[in-house]
Amino acid sequence: RKADKFSQERTESVLLRPKRLIVGSVHSEDELVILDSIVSLKREIADLTLVWVPHEPSERIVTTAESFFQSKQFATARLGYKNPDQIDAEVIIVDTIGRLSQLYWFGQFAYIGGGFSTGVHNVMEPAIARLPVFFGPRYKNFHEAEELIADGGGFSIETGTDLYLGIKHLFEDRNAFIKASYAATEVIHRNLGSSTRVVRNLIHD
């Protein structure tokens with residue numbers, strides 16, 4: 001089928017992006033679980049870079065993140081109003097609001113915060129950008145997150161080790177990556193399809 005070939009090529013294009021993990025809407029509860037694993041991934045996967053997006057990028061939170069990553073010997077930079085491809089740093093810290101949905105297009109994987117506290121944030125934005133999405137266990141009642149998991153485009157983690165193993169697996173197994181990326185895209189298409197139908201029915205009623 002033509003659509004499949006198109007989607008396959010689109011998915012392959014994600015692999016041409018820089019090896020970058022986008023960590024979006026991070027809460028302190030996420031940090032406790034994932035930070036050590038992210039440091040391990042950075043150390044083990046050659047040329048992996050990180051975009052770190054605090055849920056609330058106050059000066060204090062941004063500075064704390066900088067100090068942490070610098071203490072692990074990673075070069076950091078603030079994103080400001082640039083895009084990640086214009087910055088040469090191992091860890092890019094996002095210090096402004098409203099950038100997240102664009103940033104997913106500059107990476108290959110996403111971790112979305114909130115799943116260890118108030119409930120996972122928007123998982124559709126990374127899925128639109130064709131990224132396999134990881135998040136914490138509080139995703140029940142979040143229909144899109146449940147759908148992503150069911151389809152294999154989303155992965156819920158309980159521990160940092162889960163995140164470490166999940167991302168490492170997708171990095172090392174190109175077919176697994178393509179399958180997850182494709183599944184994320186499919187969920188979007190299905191949801192777009194259903195909302196288009198809803199709108200059509202409203203217009204025709």
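The values are calculated or read from the model by the stated rules, or taken from the named source; none is laboratory data. The structure presented is a predicted model; accordingly, all values stated were derived computationally and were not measured. We place every Cβ from the backbone using ideal geometry, glycine too, and count neighbours over all the protein chains shown. Side chains are part of the model used for accessible areas, which takes the heavy atoms of the whole protein and leaves out ligands, DNA and RNA. Shrake-Rupley method; radii C 1.70, N 1.55, O 1.52, S 1.80 Å.
Below is a table of values for the structure above.
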item	result
Count of segment 116-125 residues which are farther than 18 Å from residue 57 by Cα, touching a residue at least 40 places away in the same chain (Cβ under 8 Å) and not in a helix (DSSP H, G or I)	1
Some residue of segment 183-196 being open to solvent by 10 Å² or more (accessible area, probe 1.4 Å), closer than 16 Å to residue 24 by Cβ and in contact (Cβ under 8 Å) with a residue 12 or more places away in the chain	no
So residue 66, is it touching a residue at least 24 places away in the same chain (Cβ under 8 Å), among the charged types (D, E, K, R) and within 22 Å of residue 126 (Cβ to Cβ)	no
Those residues of segment 126-141 which are in contact with a Phe, Trp or Tyr (Cβ under 9 Å, 6 or more places away or on another chain) and either open to solvent by 60 Å² or more (accessible area, probe 1.4 Å) or not in a helix (DSSP H, G or I) (or both), in sequence order	128, 129, 130, 131, 132, 133, 134, 135, 136, 137, 138
In segment 100-118, residue nearest to the chain's Cα centre (by Cα) [restricted to those that are more than 26 Å from residue 13 (Cα to Cα) and open to solvent by 10 Å² or more (accessible area, probe 1.4 Å)]	116
Inter-residue pairs, beta-carbon under 6 Å, first touching a residue at least 12 places away in the same chain (Cβ under 8 Å) and in segment 70-93, second open to solvent by 60 Å² or more (accessible area, probe 1.4 Å), 6+ apart	74/90; 75/90; 76/70; 93/78
Single condition residue 96 does not satisfy, out of (1) in a loop (DSSP other than H, G, I, E, B); (2) β-branched (Val, Ile, Thr); (3) farther than 27 Å from residue 116 by Cα	(3)
Options 56, 31: the member that is surrounded by 18 or more Cβ atoms within 10 Å (Cβ to Cβ), free of Cβ contacts under 8 Å to residues at least 40 places away in the same chain and within 29 Å of residue 140 (Cβ to Cβ)	31
Residues that are part of a helix (DSSP H, G or I) and either in contact with a strand residue (DSSP E or B) (Cβ under 6 Å, 6 or more places away or on another chain) or basic (Lys, Arg) (or both), drawn from segment 50-69	60, 61, 62, 65, 66, 69
Filter pass, residue 155 being modelled with pLDDT of 95 or more, within 14 Å of the chain's Cα centre (by Cα), within 21 Å of residue 52 (Cβ to Cβ) and open to solvent by 60 Å² or more (accessible area, probe 1.4 Å)	yes
Count of residues meeting criterion [acidic (Asp, Glu) and closer than 15 Å to residue 23 by Cα] in segment 120-178	1
Conditions (1) modelled with pLDDT of 95 or more; (2) among the hydrophobic types (A, V, I, L, M, F, W, C); (3) touching a Leu at 6+ places or on another chain (Cβ under 8 Å); number of the one not met by residue 165	(3)
